[in-house]
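Here is the structure we will look at.
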Protein chains: 2
Amino acid sequence: MRVKVNYIAPMASDRSTIPPEKQRTYTISELSREFDVTPRALRFYEDKGLLSPDRNGQNRVFSSRDRARLKLVLSGRKVGFSLNDIREMLDLYDLGDNQRAQLRATYKKHKQQIEILNQQRLEIDEALKELHRGVDWLEKKLATIGPGKDELGTISAYDAIARAQLEGENEPSSA
Amino acid sequence: MRVKVNYIAPMASDRSTIPPEKQRTYTISELSREFDVTPRALRFYEDKGLLSPDRNGQNRVFSSRDRARLKLVLSGRKVGFSLNDIREMLDLYDLGDNQRAQLRATYKKHKQQIEILNQQRLEIDEALKELHRGVDWLEKKLATIGPGKDELGTISAYDAIARAQLEGENEPSSA
DNA sequence: AGTTACGTTGACGTGCGCGTAAAGGTGAAC
DNA sequence: GTTCACCTTTACGCGCACGTCAACGTAACT
């Protein structure tokens, strides 16, 4: 069994001096380990225009700028932005002109996302209400059917619930 | 221009007497109109085993049982159950045996779905917190940059945010 | 006969964020 | 020289719930 004897990533090691930290470069696996994403994801992000690493031969070389962008991507994902949303915001920054317009566009996106999430929260709350009603209904049914022997008259649960549904009486929240 | 002169759906009209309401049948468009779903959806539900309409020739004939099941399907969807979940619950009912086991299985699914939605709510709340932090940060930046002419030294918003990110100071919630 | 209003069965497309082979290249270590 | 350990590109797969043609049949009304 071979132990990993100070293996140095090929691309990360061909610089003998450690630059002033601002020009550091990263291999794909370095970044994927640091941020706990798969290399596949990073390649995907590049494909979608979120990252644009240089190449050393055929190997990707990520700059600290890429690293910063990746941070932005990941925190964007965490709050529910789509990769498209994120790319749009990132693209704005890269244009580099009209500071305030860029910030305000991003500001707007944030507000919109807040709206979206608030809406989703409302929908979830609605669903939870219904589910609780369903649970109550099921508990009652389980109680009335009682803990006795099953099969009392071949009335199927489906029929019972279907009738309840049809007549609009405290029907269960769902199937 | 032809006005719709009491158009009667072909399959719904070839019965001269209106049956005791329990044996009524429905065409695909009748059901789709009543519940505001597309015919395509109903065919899809059949394909997935959620409905099983009879045929008159090649035309689907939905029974009141199908209608009841459709109700269950739609209310299931509303609370976030997948069609697979719904099918499983429906299948249990159709087995027709062991009342309590069926009800308890459905009960369990409900509880699980409640858990899932509660979890999603937490995640949304987390995201909202971050987004609000981001909004605050953006507002501050917009304020400090001030309402003057833009472009003060070619520092791009990206650089500003990236620096904030890198140094962990009240960084924005995302891109 | 023509038009209208329905119905049918395939079968591929969509959006999202990657996963998962397939098939190979490169350089360092043993 | 062979085996790691890592890298590459190409490209299809997936889960979900249908949408969207295509190409056609049928019944009813004008």
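Tell me, please, whether a residue that is facing chain B (nearest Cβ under 7 Å), at pLDDT 95 or above, assigned to a helix (DSSP H, G or I) and within 30 Å of A:A41 (Cβ to Cβ) can be found in the stretch A:128-148.
For the stretch A:128-148, residues facing chain B (nearest Cβ under 7 Å), at pLDDT 95 or above, assigned to a helix (DSSP H, G or I) and within 30 Å of A:A41 (Cβ to Cβ): absent.
Checking A:K111 against (1) under 18 Å from the mean Cα position of the chain (by Cα); (2) surrounded by fewer than 18 Cβ atoms within 10 Å (Cβ to Cβ), which single condition isn't satisfied?
That leaves (1) as the condition not met.
What are the residues in the stretch B:43-102 that are more than 8 Å from chain A (Cβ to nearest Cβ) and of a type in the set (V, I, T), if any?
B:V61
Residues that are in a helix (DSSP H, G or I), at pLDDT below 65 and at the interface with chain A (Cβ under 8 Å from one of its Cβ atoms): does the stretch B:106-114 have at least one?
Checked against the condition, which is being in a helix (DSSP H, G or I), at pLDDT below 65 and at the interface with chain A (Cβ under 8 Å from one of its Cβ atoms), the stretch B:106-114 yields no hits at all.
Mind listing just one residue for me: the one in the stretch A:65-83 that is within 16 Å of DNA strand D (Cβ to nearest atom) and among the hydrophobic types (A, V, I, L, M, F, W, C) and, of those, surrounded by the most Cβ atoms within 10 Å (Cβ to Cβ)?
Going through the qualifying residues, I end up with A:L70.
Taking the stated definitions as given, is B:V37 under 27 Å from A:L138 (Cβ atoms), at pLDDT 95 or above and either more than 8 Å from every other protein chain (Cβ to nearest Cβ) or in a helix (DSSP H, G or I) (or both)?
For B:V37, the condition - under 27 Å from A:L138 (Cβ atoms), at pLDDT 95 or above and either more than 8 Å from every other protein chain (Cβ to nearest Cβ) or in a helix (DSSP H, G or I) (or both) - is met.
Quick check, is B:R65 outside any helix (DSSP H, G or I), without any contact (Cβ under 8 Å) to a residue 40 or more places away in the chain and under 29 Å from B:T25 (Cβ atoms)?
Judged against the criteria, B:R65 is not a match.
Does the stretch B:34-45 hold any residues that are surrounded by 13 or more Cβ atoms within 10 Å (Cβ to Cβ) and more than 9 Å from DNA strand D (Cβ to nearest atom), and which are they?
The one that is surrounded by 13 or more Cβ atoms within 10 Å (Cβ to Cβ) and more than 9 Å from DNA strand D (Cβ to nearest atom): B:F35.
For the stretch A:46-64: of the residues being acidic (D, E) and within 12 Å of DNA strand C (Cβ to nearest atom), which is surrounded by the fewest Cβ atoms within 10 Å (Cβ to Cβ)?
Among those that are acidic (D, E) and within 12 Å of DNA strand C (Cβ to nearest atom), it is A:D47.
For A:T106, only one of the following conditions fails: (1) of a type in the set (V, I, T); (2) more than 16 Å from DNA strand C (Cβ to nearest atom); (3) surrounded by fewer than 19 Cβ atoms within 10 Å (Cβ to Cβ). What is its number?
The single condition A:T106 does not satisfy is (3).
The values are calculated or read from the model by the stated rules, or taken from the named source; none is laboratory data. Source: prediction; values computed, not measured. Cβ coordinates were reconstructed from backbone atoms using ideal geometry, including for glycine residues, and neighbour counts include every protein chain displayed.
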